[in-house]
Every structure is written in structure tokens, then in C-alpha cells.
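Visitor: My structure is below; once you've seen it, I'll send some questions.
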Amino acid sequence: MKEKIKERLTDRGQVGIGTLIVFIAMVLVAAIAAGVLINTAGFLQTKSEQTGEESSAQVSNRVQVVSAFGEVGNDEKVTEISLTVMRGSGSDDINLSAATIEWIGPEKAKTLVHDMDGGGTEDNEFTVSPIKDSDSSEPVLNTQDDRFEITMDATKISSALDEGEEVKLKLTTQYGAVTLYRANVPQSLSQESAVTV
């Protein structure tokens with residue numbers, strides 16, 4: 001009889017130890033899973049913050065075209081297009097030397113970059129000159145009062161623009177923010193030296 005009781009107690013003890021081992025294993029698995037979930041949540045939060053900042057920069061850090069005009073040559077065609085630009089509302093400093101302009105014209109489409117040496121001899125470059133720049137930050141728009149002139153030579157990019165022709169300009173800042181502008185040459189350029197486009 002005593003032997004049977006001892007066997008029952010031994011069996012119960014073994015069942016208790018087995019249950020304890022299973023319980024400990026479940027706690028360890030739960031702890032590991034919790035650690036993985038916490039790490040994943042932290043990674044996703046960091047990624048979403050970064051994505052949010054980049055998206056916000058693409059929307060807000062853009063330039064605004066204040067005015068545009070074309071210079072008319074002797075052959076009564078527009079030879080140059082100039083854009084007066086300012087920093088968009090709520091944007092950070094915009095470095096125009098890091099910007100690109102897509103020129104989509106009647107004859108050609110080209111991507112233009114800033115003329116670093118100031119020579120203006122290449123067919124894929126635009127120049128920047130200050131109109132209003134109190135702190136001499138050219139070519140960086142770092143205050144809301146800054147105004148710079150971006151000049152593109154149509155004769156080097158493709159050819160001079162005839163009356164009624166249109167050029168689509170897509171200015172992309174270093175943040176990836178895009179400003180679209182359509183330069184429309186007036187229907188008549190007779191006896192004009194400069195026109196609004």
C-alpha cells in the first residue's frame with residue numbers, strides 16, 4: 001500500500017515538473033515574441049517618422065514663381081526665358097545650385113542643371129542671379145524676401161521660340177519638391193524687346 005502511495009506521489013511530482021517546464025517555456029516564448037514586437041514597433045515608428053518628414057519636405061520646400069518674361073531677339077523670336085523665384089511659404093532654405101529644371105519645349109526635352117562656373121556656354125544649364133538678396137546668400141533662398149532670377153537660353157537648349165509656342169518647366173528642388181510653370185509666348189512679338197511669358 002505504501003508503495004502505491006509513493007508511486008502516485010512520484011507520478012504527481014513528475015507531472016508537476018513537466019507542467020512547470022511547459023509553463024517556463026511558454027513564458028520564454030512570450031518574452032521573446034514581446035521583444036520582437038517591441039523592436040518591430042520601434043523600427044516602424046522610426047521609418048514612419050522619416051517618411052513623414054520626407055513627404056512634408058517634398059510638399060513644403062518648393063519655390064514659387066513670382067514672374068516670368070522672355071527676351072525677344074532681332075528675328076522676333078524669344079531667345080531667353082527668365083523666371084523670378086522666391087521661397088515658398090513655410091519652406092526651408094532652398095539651394096538653387098542643387099535644383100534641376102526639366103525643359104519640355106516644342107522641339108526638345110532636356111534636364112537643366114545650375115551653371116557652376118558662370119560661363120553659360122553649355123546647352124543643359126541655367127544661370128542664377130540675385131534680384132534681392134540682403135545677406136548675399138546666392139544661390140540659396142534663405143529668407144522670404146530673397147528673389148533670384150533663373151535664366152535659360154532657349155537658343156542653346158533647343159531653338160528660339162516662335163509666336164504662340166509653349167515651354168513646360170518643371171523645377172525640382174534638392175528636397176524633391178516640384179514647381180510646374182508653363183511659359184507661353186504671346187501671339188505677337190512685333191516691335192517687342194521683352195514679353196511676359
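We did not get these values from a lab; they are worked out from the coordinates using the rules stated. This one's a predicted model, so the numbers in the text were calculated from it and none came from an experiment. Note that each Cβ is placed from the backbone with ideal geometry, even for glycine, and that neighbours are counted across all protein chains shown.
Visitor: Measure of size requested: the Rg and Dmax of the range 134-197, with Cα atoms as the atom set and Å as the unit; please supply both.
Guide: Radius of gyration, then largest Cα-Cα span, for the range 134-197: 15.0, 42 Å.
Visitor: Arrange the peptides 128-137, 84-93, 29-38 so that the one whose residues have, on average, the most other Cβ atoms within 10 Å appears first.
Guide: 84-93, 128-137, 29-38
Visitor: What value, in deg cm²/dmol to 500, does the helix sum -39500 (n - 2.57) over DSSP H runs of n ≥ 4 give at 222 nm once divided by the residues of the chain?
Guide: -11500 deg cm²/dmol
Visitor: What spacing in nm lies between the two simple spin-label points modelled at ALA194 and THR46, each 7 Å away from Cα in the Cβ direction?
Guide: Placing both labels 7 Å along Cα→Cβ, they lie 5.3 nm apart.
Visitor: About its Cα centre, how strong a charge dipole does the chain have in debye, to the nearest 20, once Lys and Arg get +1 and Asp and Glu get -1 at the Cβ?
Guide: Details: 17 positive and 31 negative charges, 492 e Å.
Its charge dipole is roughly 2360 debye.
Visitor: Calculate the spin-label point distance for SER159 paired with LYS110, positioning each point 7 Å from the Cα along the beta-carbon direction, and give it in nanometres.
Guide: 1.4 nm
Visitor: Need one number: convex hull volume per residue for the chain, Cα atoms only, in Å³.
Guide: 189 Å³
Visitor: In addition: Under 8 Å for C-alpha pairs, at least 6 residues apart: give me the relative contact order for the range 61-196, rounded to a whole percent.
Guide: Relative contact order comes out at 32 percent.
Visitor: Name the residue farthest towards the positive end of the dipole of the chain from the options ALA177, VAL36, PRO130, assuming +1 on Cβ of Lys and Arg, -1 on Cβ of Asp and Glu, about the Cα centre.
Guide: So the residue we want is VAL36.
Visitor: Along the Cα→Cβ direction, 7 angstrom out, place labels at VAL65 and ASP93. What is the inter-label distance in nm?
Guide: 2.7 nm
Visitor: How high is the relative contact order of the range 74-139? Use alpha-carbon pairs under 8 Å, at least six apart in sequence, and give a whole percent.
Guide: Dividing the mean separation by the residue count of the range 74-139 yields 20 percent.
Visitor: Mind scanning LYS132/LYS168; LYS132/LYS156; LYS108/LYS168; LYS77/LYS132 and naming the pairs with a C-alpha gap bigger than 20 Å?
Guide: In this structure, LYS132/LYS168; LYS132/LYS156; LYS77/LYS132 exceed 20 Å between Cα atoms.
Visitor: To continue, here is another question. Quick one: what are the phi-derived ³J(HN,Hα) couplings along the range 98-104, Karplus 6.51/-1.76/1.60 with θ = phi - 60°, whole Hz, x for glycine and proline?
Guide: 9, 8, 10, 10, 8, 9, 10
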